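**Q** Below is one structure. I have some questions about it.
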Amino acid sequence: MADAALKNYVRQALVRGMSTPDVQSFLVNSGWPKDEVSAILNEQAQELPHNTVLKVEGLRKTFGKKIVLDNVYLEVEKGEIFGIIGPSGSGKTTLLNLLVGFYQPDKGDVTVAHSKKFFSVFKNRQELKSLVGFSTQKPSIYGKLTCKENLTHFASLYGVGLHEAESRAHGLLRVVGLDGNADVLAADLSGGMQKRLDIACALIHDPAVLILDEPTADLDPILRTSMLHLVREINKHGTTIIMSSHFLGEIEHLCERIAILRNNTITEVGSPDELKRLYSRDFVVHLQTVRKDYASVIAGLQQQRICSSVERHEQSLRVRTPFPEHVLDIISASVHQSGEKIQFLHVARPSIQEVFTALVKQ
Amino acid sequence: MNLVVLIKKNILVLLRAKSSAAIIVLGPLLVILLAGLAFDNTNTYAVKVGTFSSQYNSLSTSFVDRLSQSQFSVKKYASQDTCVQAIKSGDIHTCVVFSPDFTLAKNLSNEIQFFVDYSRLNLVWTVLDVMSKSVRSRSQELSTNLTAVLLRALEATATELKARGQHMISLTTLNEESHRLATLVQTDLGSLDVDSRLDQDTLNNMSHSKGLVNYWFGALSVLADKSLDQADKGIRAAQDLLGKDLNTSTLKKERTSIDLLRLDLANASGMAKNQVNDFNLVSDALTLQIEQTKSQLARLTDSKTVNKDRIDTLVQNLDHALIQVVFVQKSMNHVQEIIDAIEVIDPASIVAPIQTSIKPVVAERSYLNYVFPVLIVLVIMFTALLVSQILVLMDKNSPAGFRNYLSPAPPLMFAGAIFLTSVLLVVFQSIIILTIAGLFFTAQVLGSLGATSIVLLTVILLFSLAGMLIGELFNTEETATLAAVMIGSALLFVSDVIIPIESMPSWLQTVSGQNPFVLGSTVLRKTMLFHESLGEVSLQLSALLGYCVLLGLALTIAIQLRKRK
């Protein structure tokens, strides 16, 4: 656990531009073993240039006097699904717009790997536009054009020939599940279908990076599942995906790494498990018995003082503790003594939702 | 390729919005249909005229009759107020009020007042024009009659002057003759010696002579008597001496002779005496006459002096009179010359020396012919302004605009596609309008197709660019549409479509002269109706192209600014 946290810190420190000696000095002074720190530093320094497809360095964006983003550092690896979460108004969409060069930052840069070099999206906008696809929260499509017309239109903007464009459109419509709606006006499609068409449009020029802003917003659960499946499918083709979402459960299950955006900056980056481990020592023990009598269990737990919290729900008991083994022992003993029967028992890390909530509360 | 795809997309998006499609296709059809029906005539139908006169007479009635004969619907009103009120209520278009005592009388001016509703700006000029024509026609008739009377009087004067000219010549001759005679009289009178040389001595001498005559006559008589006596005595003596027998007969005879002589002498003496007496009488009478003559001469001298002065005055007066006569003659001649010099003696020509007949510079067909260039520029202006701004805003506000922006296609390419789309659509509309106008309303649209097409294209480019600029400057379709309509209306108002430019303040006239709508319609009128070449309208065409360049630059800046935002 400590190793993962250390790796994450080193990665973020390097991405933020700290020099290797500075990072090493800081960590050694903080009590980390010098050898371990050196090994991780070497490992990260070698990994970065090879895997990173997009880097954000010291980004600052203000609208008027309002600072929306400040000191944002980020790095997205090739082929991963990278999630960005944050409270409403934290600047997720602004960050995504900065990633594609739609907004001009006040400070900092966004670079995209191209031909083994990094190019600023702000200085080489035209050249890098073909590398990135962007699906906005609300579909960026022409309602008065058919699905096929939308796709061929956007393909033509990227210099794709008409024949090739039609071929790609046909393929993408099949990928996004709209192959039967090629000649239907986009305005006549359902919300979910429009979303999928929008993603198809974002993919028409075969970008290396696909950015999805709230791809599942305003969709019903079935469509959300379908959309997540589509994202996985796209990712399987090697496309790096950066997405933001309010649905943290989806992010947790879909993304390989997550960045948490709060207080105008990226505060944490890591895999869901790393974040959980880093920001919550507790496990959650979920208990449900036949008679729903949890009094003896609660008394036993309170007696031991090993729980962070014990929550009595209508049907179940929810216990947060850094010592799940001890809690399981106490539950087992109490249930046995009271003659209860365990109906459901589950031990897990807290969800990313809970981590996020805890972080936001901080 | 990209451009074609973008144009295709723009047209598809625009046409698939039913209202837009309707505006693009049906709009121009509707406009040209309405315009054609409205303007496809040259008549002024249904102008309603109200009249009022406190007392209609033959003159005012003749005017009313003339109006009635001129296609106008004429209605008489009982008062001026009701007549004017009828205009306000829309019952009539104009009210004609005849002044009281509207008659052709000596030194009396007649007035006809027209009351019109200037708020109906488009109608008022037409009404005034046709009414004025009608009234002017009748007024001209009256003027012709009055002028004919004057001309007849002049003619009679000229004839009289001509006739009296001989009299004047005679008068002059007579005057000159009189002058000559008076001068002669003056000369003669001057030379006339009326001074009396019969002074007293003369008269005394005459009296003395008369005395001497009398004396010597007496003495002569005495002497004669004495001689005769002596002769008698001698005879006697001789007789005595010679005897009484001596030749007595001879003596006797001598004596008889002497007696006879005596008798003769006595007779002669008596006669002489009588003659002397007569002489005396005559002498006396002569003296008296001389006295009288002298007196008369004295008076004559006085009279001569007075009459000489008079004659002098008479001569002077005659001189003056002659001068006056000559002057009058000259004046008469001059008057006659003036009258003779009047070349125009036809009353109609005097009343209306210049006959105005309005000949259209193009073949007269209908009003549509005249308004067509303005009409088509008007349609192009509004259509281009609206279509291009709608296209810009559709693209700008479309959710897909973001994706367009993210694409490598440069923003100016989108602008170019919108521009070309707008131009194509407006060209399409223009073709529809031109075709329909040409086919169904016989408008003279194909006069000079080449130049007209270039001018139309320039106008389309200009207003498409203007519409795109409006679209770039505003963020919503509502405000942009409002702005486009306002700008179009402003350009329309500062043109000669509603009121003549010449009636505007001078500064506004200057502004209007630079109005692209005015420039466009002017150039189009020249090429379409007058078949002028592009060279002849190059100045205005250059101005239009200059506007295009300026708008293009402004549009580019606006696009770049939006891009930066």
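The values are calculated or read from the model by the stated rules, or taken from the named source; none is laboratory data. Since we're looking at a predicted model, the values are computed, not measured. Neighbour counts are summed over all protein chains in view; Cβ atoms, including those assigned to glycine, are modelled from backbone coordinates with ideal geometry.
**Q** Which fully enclosed strands (runs of 3 or more DSSP E) of segment A:305-352 have 2 or more residues being within 18 Å of residue A:276 (Cβ to Cβ), in contact (Cβ under 8 Å) with a residue 40 or more places away in the chain and of a type outside the set (Gly, Ala, Ser)?
**A** Ranges flagged: A:342-348.
**Q** Additional query: If you scan segment A:194-210, which residues turn out to be of a type in the set (Val, Ile, Thr) and within 10 Å of chain B (Cβ to nearest Cβ)? Give the derivation first.
**A** In the first step, residues of segment A:194-210 are kept if they are of a type in the set (Val, Ile, Thr); the result is A:199, A:204, A:209.
Scanning segment A:194-210 gives a single hit, A:204.
**Q** Assess whether residue B:391 counts as being buried (at least 24 other Cβ atoms within 10 Å of the Cβ), at pLDDT 85 or above and either farther than 21 Å from residue A:131 by Cα or more than 9 Å from chain A (Cβ to nearest Cβ) (or both).
**A** Values: buried (at least 24 other Cβ atoms within 10 Å of the Cβ): yes; at pLDDT 85 or above: yes; either farther than 21 Å from residue A:131 by Cα or more than 9 Å from chain A (Cβ to nearest Cβ) (or both): yes.
Criteria met by residue B:391.
**Q** Same structure, new question: Please give the number of the condition residue A:123 fails out of (1) at the interface with another protein chain (Cβ under 10 Å from one of its Cβ atoms); (2) surrounded by fewer than 18 Cβ atoms within 10 Å (Cβ to Cβ); (3) more than 26 Å from the chain's Cα centre (by Cα).
**A** Single failed check for residue A:123: (1).
**Q** Go through segment B:295-316 and report how many residues are surrounded by fewer than 14 Cβ atoms within 10 Å (Cβ to Cβ) and either under 24 Å from residue B:168 (Cα atoms) or within 35 Å of the chain's Cα centre (by Cα) (or both). Reasoning before the result, please.
**A** Residues of segment B:295-316 surrounded by fewer than 14 Cβ atoms within 10 Å (Cβ to Cβ): B:295, B:298-299, B:302, B:305-306, B:309, B:313, B:316.
If we keep only those that are either under 24 Å from residue B:168 (Cα atoms) or within 35 Å of the chain's Cα centre (by Cα) (or both) as well, we get B:313, B:316.
So the count comes out to 2.
**Q** Follow-up. Kindly evaluate residue A:196 against the criterion of being crowded, with 21+ Cβ neighbours inside 10 Å and under 29 Å from residue A:113 (Cβ atoms). Give the steps one after another, and end with the answer.
**A** Working: crowded, with 21+ Cβ neighbours inside 10 Å: yes; under 29 Å from residue A:113 (Cβ atoms): yes.
Considered against the rule, which asks whether it is crowded, with 21+ Cβ neighbours inside 10 Å and under 29 Å from residue A:113 (Cβ atoms), residue A:196 comes out as yes.
**Q** Residue check: is residue A:344 closer than 14 Å to residue A:281 by Cβ, assigned by TED's automatic domain parsing to the domain that holds residue A:301 and either among the aromatic types (Phe, Trp, Tyr) or surrounded by 14 or more Cβ atoms within 10 Å (Cβ to Cβ) (or both)? Full working, then the answer.
**A** Values: closer than 14 Å to residue A:281 by Cβ: no; assigned by TED's automatic domain parsing to the domain that holds residue A:301: yes; either among the aromatic types (Phe, Trp, Tyr) or surrounded by 14 or more Cβ atoms within 10 Å (Cβ to Cβ) (or both): yes.
No: the conditions fail for residue A:344.
**Q** Might you check whether a residue that is at pLDDT below 75, buried (at least 19 other Cβ atoms within 10 Å of the Cβ) and of a type outside the set (D, E, K, R) occurs anywhere in segment A:17-39?
**A** no
**Q** Tell me whether segment B:530-540 contains one or more residues that are among the aromatic types (Phe, Trp, Tyr), in contact (Cβ under 8 Å) with a residue 12 or more places away in the chain and under 17 Å from residue B:372 (Cβ atoms). Write out each step before concluding.
**A** Initially, segment B:530-540 is screened for residues among the aromatic types (Phe, Trp, Tyr), giving B:530.
Now drop any that are not in contact (Cβ under 8 Å) with a residue 12 or more places away in the chain, which leaves B:530.
Retained after the next criterion (residues that are under 17 Å from residue B:372 (Cβ atoms)): B:530.
Yes, the conditions are met somewhere in segment B:530-540.
**Q** Is it the case that residue A:189 is away from chain B (no Cβ under 11 Å) and closer than 22 Å to residue B:394 by Cβ?
**A** Numbers: away from chain B (no Cβ under 11 Å): yes; closer than 22 Å to residue B:394 by Cβ: yes.
Spelling it out, residue A:189 is indeed away from chain B (no Cβ under 11 Å) and closer than 22 Å to residue B:394 by Cβ.
**Q** Being within 13 Å of chain A (Cβ to nearest Cβ), in contact (Cβ under 8 Å) with a residue 12 or more places away in the chain and assigned to a helix (DSSP H, G or I), is that true of even one residue in segment B:430-437?
**A** Within segment B:430-437, the first condition is being within 13 Å of chain A (Cβ to nearest Cβ), and the residues that meet it are none.
Within segment B:430-437, none of the residues are within 13 Å of chain A (Cβ to nearest Cβ), in contact (Cβ under 8 Å) with a residue 12 or more places away in the chain and assigned to a helix (DSSP H, G or I).
**Q** Could you tell me whether residue B:186 is among the polar types (S, T, N, Q), part of a helix (DSSP H, G or I) and closer than 30 Å to residue B:300 by Cβ? Break it down stepwise before answering.
**A** Numbers: among the polar types (S, T, N, Q): yes; part of a helix (DSSP H, G or I): yes; closer than 30 Å to residue B:300 by Cβ: yes.
Considered against the rule, which asks whether it is among the polar types (S, T, N, Q), part of a helix (DSSP H, G or I) and closer than 30 Å to residue B:300 by Cβ, residue B:186 comes out as yes.
**Q** Tell me, which residue of segment B:471-488 that is without any contact (Cβ under 8 Å) to a residue 12 or more places away in the chain and closer than 22 Å to residue B:552 by Cα is nearest to the chain's Cα centre (by Cα)? Step through it out loud before you land on a result.
**A** Narrowing segment B:471-488 to residues without any contact (Cβ under 8 Å) to a residue 12 or more places away in the chain: B:478-479, B:482, B:486.
In the following step, the residues that additionally are closer than 22 Å to residue B:552 by Cα were identified as B:479, B:482, B:486.
Details: B:479: 60, B:482: 55, B:486: 49 Å.
Restricting to residues being without any contact (Cβ under 8 Å) to a residue 12 or more places away in the chain and closer than 22 Å to residue B:552 by Cα, the top hit is B:486.
**Q** Looking only at segment B:514-565, filter to residues that are assigned to a helix (DSSP H, G or I) and within 14 Å of chain A (Cβ to nearest Cβ); which one of those is surrounded by the most Cβ atoms within 10 Å (Cβ to Cβ)?
**A** B:562
**Q** Quick one: in segment B:63-120, which of the residues that are among the acidic types (Asp, Glu) and at pLDDT 80 or above is farthest from residue B:498 (Cα to Cα)? Give the steps one after another, and end with the answer.
**A** Initial filter on segment B:63-120 (among the acidic types (Asp, Glu)): B:65, B:81, B:91, B:101, B:111, B:117.
In the following step, the residues that additionally are at pLDDT 80 or above were identified as B:65, B:81, B:91.
Numbers: B:65: 32, B:81: 29, B:91: 23 Å.
So, considering only residues that are among the acidic types (Asp, Glu) and at pLDDT 80 or above, the one farthest from residue B:498 (Cα to Cα) is B:65.
**Q** Can you confirm whether residue B:412 is within 13 Å of chain A (Cβ to nearest Cβ), touching a residue at least 24 places away in the same chain (Cβ under 8 Å) and either part of a helix (DSSP H, G or I) or crowded, with 23+ Cβ neighbours inside 10 Å (or both)?
**A** Taking the combined requirement at face value, the residue satisfies it.
**Q** Same structure, new question: In segment A:321-362, what residues are at pLDDT 85 or above, touching a Phe, Trp or Tyr at 6+ places or on another chain (Cβ under 6 Å) and of a type in the set (A, V, I, L, M)?
**A** The answer is A:347, and nothing else.
**Q** Moving on. Does segment A:306-322 include one or more residues that are among the basic types (Lys, Arg) and loosely packed, with under 12 Cβ neighbours inside 10 Å?
**A** Narrowing segment A:306-322 to residues among the basic types (Lys, Arg): A:312, A:318, A:320.
Restricting the remaining residues to those that are loosely packed, with under 12 Cβ neighbours inside 10 Å gives none.
No, segment A:306-322 contains no residue that is among the basic types (Lys, Arg) and loosely packed, with under 12 Cβ neighbours inside 10 Å.
**Q** Could you list, in sequence order, all residues of segment A:280-302 that are among the polar types (S, T, N, Q), touching a helix residue (DSSP H, G or I) at 6+ places or on another chain (Cβ under 9 Å) and part of a strand (DSSP E or B)? Even if it seems obvious, please write down each step before you answer.
**A** First, pick out the residues of segment A:280-302 that are among the polar types (S, T, N, Q): A:280, A:288-289, A:296, A:302.
This time we only want the ones that are touching a helix residue (DSSP H, G or I) at 6+ places or on another chain (Cβ under 9 Å), so: A:280, A:289, A:296.
Correct list: A:289 only.
**Q** Just one of (1) within 14 Å of chain B (Cβ to nearest Cβ); (2) touching a Leu at 6+ places or on another chain (Cβ under 8 Å) trips up residue A:168, so point out which.
**A** So residue A:168 meets the others, but not (1).
**Q** For segment A:145-177, give me the residue count where each residue is within 27 Å of the chain's Cα centre (by Cα) and buried (at least 22 other Cβ atoms within 10 Å of the Cβ).
**A** Selection size over segment A:145-177: 2.
**Q** Right, residue B:186: surrounded by 15 or more Cβ atoms within 10 Å (Cβ to Cβ) and at pLDDT below 75 or not? Even if it seems obvious, please write down each step before you answer.
**A** On the way: surrounded by 15 or more Cβ atoms within 10 Å (Cβ to Cβ): yes; at pLDDT below 75: no.
For residue B:186, the condition - surrounded by 15 or more Cβ atoms within 10 Å (Cβ to Cβ) and at pLDDT below 75 - is not met.
**Q** State the number of residues belonging to segment B:481-495 that are in a helix (DSSP H, G or I) and either of a type in the set (Ser, Thr, Tyr) or not assigned by TED's automatic domain parsing to the domain that holds residue B:462 (or both). Please lay out each step first, then the result.
**A** Of segment B:481-495, the ones in a helix (DSSP H, G or I) are B:481-493.
Imposing the further condition that a residue be either of a type in the set (Ser, Thr, Tyr) or not assigned by TED's automatic domain parsing to the domain that holds residue B:462 (or both) reduces the set to B:481, B:489.
Total satisfying the criteria: 2.
**Q** Let me ask something else. Of all residues in segment A:134-144, which are more than 8 Å from chain B (Cβ to nearest Cβ) and crowded, with 24+ Cβ neighbours inside 10 Å?
**A** Passing the criteria: only A:135.
**Q** In segment A:105-120, how many are under 18 Å from residue A:206 (Cα atoms), crowded, with 16+ Cβ neighbours inside 10 Å and within 14 Å of chain B (Cβ to nearest Cβ)? Quick ask: steps written out before the conclusion?
**A** Here is the first cut: in segment A:105-120, the ones under 18 Å from residue A:206 (Cα atoms) are A:112-115.
Keeping just the survivors that are crowded, with 16+ Cβ neighbours inside 10 Å gives A:112-113.
From the residues that got through so far, the ones that are within 14 Å of chain B (Cβ to nearest Cβ) too are A:112.
Matching residues across segment A:105-120 total 1.
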